[in-house]
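Report on one structure; see the data block that follows.
Laboratory data are not the source of any read-out in this text; all were calculated from the coordinates shown. These numbers were taken from a predicted model, which means no experiment stands behind them. Note that each Cβ is placed from the backbone with ideal geometry, even for glycine, and that neighbours are counted across all protein chains shown.
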Amino acid sequence: MPTYMTCFSYNTEGWQKLAKNPEDRSAPVKALIEKLGGKLLSMYYMAGDHDGFIIYEAPDAKVAATAVIAVELAGHVRSLKTSQLYTVAETVELLGNAGKLAYPPPKG
């Protein structure tokens, strides 16, 4: 199954609700991803450009997008950014395939 990372940032209302009633948000995230046939691998909070991220497996990109849209519709996040992740072995394969192709640069 493909692996994805979604970075998230809460909006002010989301932080206010969590501050009033702290809770483990990995439980509803896990339930959502499992309902769509995926698996939550990890969830972390962080300081920086985003408030946290999740790493999860999903059957395909449409399923990952469906989960992200469902979270967005809940109204407690201000931004979500999803990227597909590749293992080192997958990247080596991709590089080998790309190395066999010729793509001309712009002529400018």
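Summary of computed values
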{"read-out": "Selection status of Leu32, surrounded by 13 or more Cβ atoms within 10 Å (Cβ to Cβ), in a helix (DSSP H, G or I), out of contact with any Leu (no Cβ under 7 Å at 6 or more places or on another chain) and not acidic (Asp, Glu)", "value": "yes"}
{"read-out": "Looking only at region 1-27, and only at residues there that are more than 18 Å from the chain's Cα centre (by Cα) and among the small types (Gly, Ala, Ser), the one that is farthest from Asp49 (Cα to Cα)", "value": "Ala19"}
{"read-out": "Qualifying residue in region 22-31 (condition: in contact (Cβ under 8 Å) with a residue 24 or more places away in the chain, more than 14 Å from Gln84 (Cβ to Cβ) and aliphatic (A, V, I, L, M))", "value": "yes"}
{"read-out": "Positions within region 45-59 being at negative phi and part of a loop (DSSP other than H, G, I, E, B), in sequence order", "value": "Met46, Ala47, Asp49, His50, Asp51, Ala58, Pro59"}
